[in-house]
Amino acid sequence: MTLIENIRLAITALWANKMRSLLTMLGIIIGISAVITITTIGNSIQETLSSTFEQFGMNSFIIMLTPKISDEGDYQNTEYTIKDEDKITYKMLNGLIDSYPDQFELSLSEGYANAESINYRKENVKTQITGITSGVLKQSKIDIIQGRNISQQDNLKKKHTVVVSDIFVNQYFPENAKPIGETVSFSIGDSGETQTFTIVGVYEYSESKLVRFKPGTREIDKETLAYVPLNTVYELKNISEMTYDYATIIWNTDFDMNVVENNIKEYFESAYQHNKNWEVYIENEQGTVDTINTVLNVVTIAISVIAAISLIVGGVGVMNIMLVSIVERTKEIGVRKAIGAKNSSIRQQFVVEAVIICLIGGIIGIMIGVLNGILIGKIALFAISNFYPEYKEIISVSIQPSVTAILVSVIFSMLTGIFFGYYPANKAANMNPIDALRYD
């Protein structure tokens, strides 16, 4: 008897006992659907976290000071007091950028002051002036919709240039005005000192990336940030020596992350080789995300293994029903053996039937698992939109069923059928045809 004939016979036998067959598959369906649901949720969480973190600039390194450790494993500095001469200097950071052109940009900021300006309607427009380097807006994924970002040249020459928000443009200028190249005079803080800046760029204000306004806030009362060159702020604040306990550097993703990180390590190892107490520690934010994903993978696999235990219960159910089926079909087996059917043919018939039961159960389980994952994703989107609307722009829920888990589930279903179906099938194959024919 060919494999096709065995499959046809198996389907016919299953169809003749539909309810029993469905109940037999139930353990397989539950086990497979649980595994697929869990792996889909795990993959979806990883994809959601990756896409969400990506919006906040994961291509960055945080450079910070840490006490040096001696060859004996002890900290050489026991005071843990960072002196000014130990700190990372602006000159060091610029030296890194000059040493590796196109690889890095600084992401440094310094608040300056609250400020006010008078718009064309003679109204006060409030803002906050902050000094930045070119990497700050890029790291925060803030979009420039007109003009350009604060540049390295703006910082080197301490220019009075400014990047304002689209909200500020609507507050300050008449409708359809072209703000690029226009000057704005700001009254600075309590002193009332006036500083004038030229607008070189306009950024799109995003409440999810910056600050969420209170519901009902009038357009004129919305206070946004105005970004100016960092060096200009230091000059206005009379700060001559710029030093940092830590600094953020973003890297060009066209370059390999490991190569870039090694370049930073080599540069600062050289810069701090004569410092007896302190060295630089580099924290890679992408590495943090990778660690989170690794933990999620381990948890997903562990829970999936626990869920897969139910497949053993399902397999035992398959074996039990196959034994019952053999008893019911004893006379059929006796007739087939009497007319010349080989033991291998009888064995194959019942193994195929067990595999078909598990395979159909596995496919149904996969479909239910994927649907569960999609349903949970829809519920998550609904919850975010209704309970956390401020995050709906940055949290992009992505449903990602695991193709690997689906393929493994199909194969595992078939193996379950073979493993738990072989004993009943072998029992049927070894029946004495005379005893089988006499069975009533």
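Below, the figures for the structure above:
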quantity	calculated
Flag for Val352 being surrounded by 14 or more Cβ atoms within 10 Å (Cβ to Cβ), touching a Cys at 6+ places or on another chain (Cβ under 7 Å) and modelled with pLDDT of 80 or more	no
Ile264 being over 25 Å from the mean Cα position of the chain (by Cα) and open to solvent by less than 70 Å² (accessible area, probe 1.4 Å)	yes
Residue identified as of a type in the set (D, E, K, R) and within 31 Å of the chain's Cα centre (by Cα) among Glu204, Glu219	Glu204
Residues that are over 23 Å from Tyr172 (Cα atoms), open to solvent by 20 Å² or more (accessible area, probe 1.4 Å) and of a type outside the set (Lys, Arg), drawn from the stretch 212-247	Glu235, Leu236, Asn238, Ile239, Ser240, Glu241, Met242, Thr243, Tyr244, Asp245, Tyr246
Condition met for Lys209 (touching a residue at least 40 places away in the same chain (Cβ under 8 Å) and either open to solvent by 30 Å² or more (accessible area, probe 1.4 Å) or within 17 Å of Phe168 (Cα to Cα) (or both))	yes
Within the stretch 248-261, considering residues that are open to solvent by 40 Å² or more (accessible area, probe 1.4 Å) and more than 21 Å from the chain's Cα centre (by Cα), the one farthest from Ile282 (Cα to Cα)	Phe255
Filter pass, Glu235 being touching a Lys or Arg at 6+ places or on another chain (Cβ under 6 Å) and either basic (Lys, Arg) or part of a helix (DSSP H, G or I) (or both)	yes
Residue identified as more than 24 Å from the chain's Cα centre (by Cα), in a helix (DSSP H, G or I), modelled with pLDDT under 85 and not basic (Lys, Arg) among Leu323, Leu381, Leu359	Leu323
Qualifying residue in the stretch 185-193 (condition: open to solvent by 50 Å² or more (accessible area, probe 1.4 Å), closer than 17 Å to Pro229 by Cα and either modelled with pLDDT of 95 or more or not in a loop (DSSP other than H, G, I, E, B) (or both))	yes
Answer residue from the stretch 93-106, given it is in contact (Cβ under 8 Å) with a residue 40 or more places away in the chain and either open to solvent by 40 Å² or more (accessible area, probe 1.4 Å) or of a type in the set (S, T, N, Q) (or both) and is nearest to Ile62 (Cα to Cα) among those	Glu105
Long-range neighbours under 6 Å by Cβ, at least six apart or interchain, first residue among the hydrophobic types (A, V, I, L, M, F, W, C) within the stretch 328-341, second assigned to a helix (DSSP H, G or I) and open to solvent by less than 40 Å² (accessible area, probe 1.4 Å)	Ile333/Ala428; Ile333/Ala436
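Yes/no per residue for (1) closer than 21 Å to Glu219 by Cα; (2) among the small types (Gly, Ala, Ser):
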| residue | (1), (2) |
| --- | --- |
| Thr81 | no, no |
| Asp86 | no, no |
| Arg121 | yes, no |
| Gly135 | no, yes |
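The values are calculated or read from the model by the stated rules, or taken from the named source; none is laboratory data. These numbers come from a predicted model, not from an experiment. Neighbour counts are summed over all protein chains in view; Cβ atoms, including those assigned to glycine, are modelled from backbone coordinates with ideal geometry. For accessibility, only protein heavy atoms count, side chains too; no ligands or nucleic acids. Shrake-Rupley method; radii C 1.70, N 1.55, O 1.52, S 1.80 Å.
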